[in-house]
1. State the number of residues belonging to region 127-162 that are in contact with a Gly (Cβ under 7 Å, 6 or more places away or on another chain) and among the aliphatic types (A, V, I, L, M).
2. In this structure, does ILE241 turn out to be closer than 25 Å to ILE118 by Cβ and either buried (at least 22 other Cβ atoms within 10 Å of the Cβ) or of a type in the set (A, V, I, L, M) (or both)?
3. Return a yes/no flag: does region 143-155 have any residue that is at positive phi and of a type outside the set (Asp, Glu).
4. Kindly check whether there is at least one residue in region 211-218 that is assigned to a helix (DSSP H, G or I), farther than 29 Å from VAL14 by Cα and charged (D, E, K, R).
5. Could you go through region 278-289 and let me know if any residue there is under 22 Å from LEU116 (Cα atoms) and either in a loop (DSSP other than H, G, I, E, B) or at pLDDT below 95 (or both).
6. Out of PHE153, PHE227, I need the residue that is within 16 Å of the ligand (Cβ to nearest atom), under 25 Å from ALA301 (Cα atoms) and either among the hydrophobic types (A, V, I, L, M, F, W, C) or without any contact (Cβ under 8 Å) to a residue 12 or more places away in the chain (or both). Which one?
7. Do any strands (runs of 3 or more DSSP E) entirely within region 1-117 hold 1 or more residues that are near the ligand (Cβ under 10 Å from one of its atoms) and within 19 Å of the chain's Cα centre (by Cα), and if so, which?
8. All but one of (1) out of contact with any Asp or Glu (no Cβ under 8 Å at 6 or more places or on another chain); (2) buried (at least 19 other Cβ atoms within 10 Å of the Cβ) hold for GLY38; which doesn't?
Amino acid sequence: MGRPKITVVGAGNVGATCAHWAAARELADVVLVDVVEGMPQGKALDLMQARPIFGFNVEVVGANDYAATKDSQIVIITAGIARKPGMSREDLINTNKNIVASVTKEVVAQSPEAILIIVSNPLDAMCYVAYKVSGFPPRRVMGMAGILDTARFRCFIAMELGVAVEEIQSMVLGGHGDEMVPLVSYTTVSGVPLADLLPAAVINALVDRTRKGGGEIVSLLKTGSAFYAPAAAAVQMAEAILKDQNRLMPVSAYLTGEYGLKDLFFGVPVILGDQGIETILALKLSQDEEAMLKKSAAAVANTRDALKM
Ligand SMILES: NC(=O)c1ccc[n+]([C@@H]2O[C@H](COP(=O)([O-])OP(=O)(O)OC[C@H]3O[C@@H](n4cnc5c(N)ncnc54)[C@H](O)[C@@H]3O)[C@@H](O)[C@H]2O)c1
């Protein structure tokens, strides 16, 4: 029995960092694929040379074609262009639609049983592209967004309260855009409701900062967008699947009536295990939260419609 295999398509900032986190955690062998010649091979070799220092024993290979990706259990798709300052995720739609469609065709031909984790933006729309092109069942196609958005919210709350990040439990649902819905009613600090610890105005400011969390980093970096936390989130999903952890996580999943929504990918709480999305959980939401979720769903549906698929 060999080691499992994770393919990461797009060896840019997010993709290479996914390879880094996944290899360092010895989750699987990793294949990094990119269209730029030499770049994935160079990054893979560099990671291989880090192994004696930190002592992780997995193989990392780089490639410009898909032969080495054969029979991957997980494929993380990060190929595409990243947002530039002032650019919305939706601006990316057409370029990344073509890239994600062509990449999906290639990976599916090599790994018909894989589980696809999409990272490319606009996220929920790119999941739709991969779902349509792959022909995979919905449980095997999902997007990474909610874990990252929730991690940002948890991080900001921990910074505000001066407590360890692990104490903060929360859930951010909805589309991966400025209309995302951080669920304050489900946010606790070691079980203590957040609303008991911070005034509403401060909580609202943290919610707002979370919604704009990606943009804040884009403005600081000037070129490119966030990658350490996005890659960590994608690798956490891969780990939950490979280790059949049955973790409860917010993930962009294909909805067939859940939350009153149909035929779109949207951030909802799911149980993630070796079958992929094993269950989608229905949460009881406040009227405010439901209204916000509807608004977010309308934005995601618009982007899906713009795909014309
Ligand atoms: N879902 C999220 O929360 C989230 C977070 C961060 C970034 N992103 C998105 O992830 C994507 C990657 O971001 P990044 O910062 O790594 O960008 P990047 O520019 O550093 O890397 C993208 C890589 O994709 C490669 N690529 C382009 N077309 C390709 C193709 N057809 N086949 C294989 N590789 C191809 C490029 O050569 C490049 O190396 C962007 O769309 C970005 O918006 C999403």
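The values are calculated or read from the model by the stated rules, or taken from the named source; none is laboratory data. What you see is a predicted model; the values in this text were computed from it and never measured. In this analysis, Cβ positions are derived from the backbone assuming ideal geometry, glycine residues included, and neighbour counts consider all displayed protein chains.
1. Matching residues across region 127-162 total 2.
2. Criteria met by ILE241.
3. Among the residues of region 143-155, not one is at positive phi and of a type outside the set (Asp, Glu), which makes the answer no.
4. Scanning region 211-218, I find no residue that is assigned to a helix (DSSP H, G or I), farther than 29 Å from VAL14 by Cα and charged (D, E, K, R), so the answer is no.
5. Of all residues in region 278-289, those under 22 Å from LEU116 (Cα atoms) come to 278-281.
Still in the running and either in a loop (DSSP other than H, G, I, E, B) or at pLDDT below 95 (or both): 281.
There is at least one residue in region 278-289 that is under 22 Å from LEU116 (Cα atoms) and either in a loop (DSSP other than H, G, I, E, B) or at pLDDT below 95 (or both).
6. On the way: PHE227 fails: under 25 Å from ALA301 (Cα atoms).
Criteria check complete, one pass: PHE153.
7. On the way: elements: 5-9, 29-33, 60-63, 74-77.
Strands (runs of 3 or more DSSP E) meeting the threshold: 5-9, 29-33, 74-77.
8. (2)
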